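Trainee: Here it is: the structure, laid out below.
The values are calculated or read from the model by the stated rules, or taken from the named source; none is laboratory data. Because the structure is predicted, anything quoted here is derived from the model rather than measured. Positions of Cβ are backbone-derived with ideal geometry, glycine not excepted, and every protein chain shown enters the neighbour counts. Protein only, heavy atoms only, side chains kept; ligands, DNA and RNA dropped before computing areas. Shrake-Rupley method; radii C 1.70, N 1.55, O 1.52, S 1.80 Å.
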Amino acid sequence: MLKGKTAVITGGSRGIGRATALIFAKNGADVAVIFSGNEAAAGEVVSAMEKFGVKAKAYQCDVSDFSQAKNICAEIFKEFGKIDILVNNAGITKDGLLLAMSEADFDSVINVNVKGAFNFTRHLSRYIMKSPAGRIINISSVSGIAGNVGQANYSASKAALIGLTKTTAKELASRNVTCNAIAPGFIETDMTASLPDEILEKVKTAVPLKRMGKPEEVAALALFLASDAAAYITGEVIKADGGMYA
Ligand code: NAD
């Protein structure tokens, strides 16, 4: 499905990013993953991707750092020679009620989740525009659509990503680049592992499919959006939430 394409996936060392890197590689894409700190985990993903016979490499970068992101993007282009697909997946939570939320917790979530996606879109678009079928996929959240108690910073960041998605879709459409957002519900990753059991139980009752999603179930949607089959879809926000906000 992605043979001959090159993809860049931020936050690719674990969770949804890791599952996306693996399914892209399995479908023939060469993949560069961006990781923030865990070199061993990034190395493991690279080895797993190489088993599919594709080129794979990991790059350490704080996505929220504009100039670091610029340098890494140039390095990736130099190494891979072209870039067709970007998945802005890196994200963090720093939950807390609005009335008690610190400025630092607000700023860091916005910086990683929104500025990080802007940085990579900004620095990679020049290369992606040269692809005959460029793709940018932003991992938003249902929290950015519906809001969520305790997530003023996170839901604001994920709503901002939807605005970024729609503008990118409009600005790059003439260059045959599509840009879409995926809004996952509750997915089994490190991000949700620390949620208290009673919250997880409440979530499962609220989800019509009565379970959390798996990273692979979000990655499968990213694969479709990255493929030629999704060529006429742009500026969309697609939920993968087990029917929670249907
Ligand atoms: P995760 O915590 O397992 O993975 C997050 C990834 O982002 C990690 O690889 C981490 O290293 C990377 N990252 C964080 N800060 C970074 C930085 N400054 N620079 C570079 N990389 C950085 O979580 P996940 O659940 O796999 O989350 C992936 C994306 O999906 C996030 O954007 C998250 O907001 C979104 N999402 C997750 C859920 C869920 O239920 N798990 C739901 C909706 C949306």
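Trainee: Report whether or not VAL237 is over 21 Å from ASN113 (Cα atoms), open to solvent by less than 50 Å² (accessible area, probe 1.4 Å) and among the β-branched types (Val, Ile, Thr).
Mentor: Criteria not met by VAL237.
Trainee: May I pose another question? Being more than 16 Å from the chain's Cα centre (by Cα) and not β-branched (Val, Ile, Thr): is that true of PHE106 here?
Mentor: Criteria met by PHE106.
For (1) at pLDDT 95 or above; (2) among the aliphatic types (A, V, I, L, M); (3) within 28 Å of VAL177 (Cα to Cα), each residue gets a yes or a no:
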position: VAL87; (1), (2), (3): yes, yes, yes
position: THR93; (1), (2), (3): yes, no, no
position: LEU99; (1), (2), (3): yes, yes, no
position: GLU103; (1), (2), (3): yes, no, no
position: GLY116; (1), (2), (3): yes, no, yes
position: LEU124; (1), (2), (3): yes, yes, yes
position: SER140; (1), (2), (3): yes, no, yes
position: GLN151; (1), (2), (3): yes, no, no
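Trainee: OK, next. Sort out which residues of segment 69-106 are among the acidic types (Asp, Glu) and open to solvent by 70 Å² or more (accessible area, probe 1.4 Å), and write them in order of number.
Mentor: GLU75, GLU79, ASP95, GLU103
Trainee: Can we say PHE118 is within 27 Å of ASP228 (Cβ to Cβ) and assigned to a helix (DSSP H, G or I)?
Mentor: yes
Trainee: I need the full set of residues from segment 191-232 which are at pLDDT 95 or above, loosely packed, with under 12 Cβ neighbours inside 10 Å and assigned to a helix (DSSP H, G or I), in order please.
Mentor: Listed by number, the residues that qualify are ASP228, ALA229.
Trainee: With (1) open to solvent by less than 50 Å² (accessible area, probe 1.4 Å); (2) not in a strand (DSSP E or B) as the list, and LYS170 as the residue in question, which single condition is left unmet?
Mentor: Unmet condition: (1).
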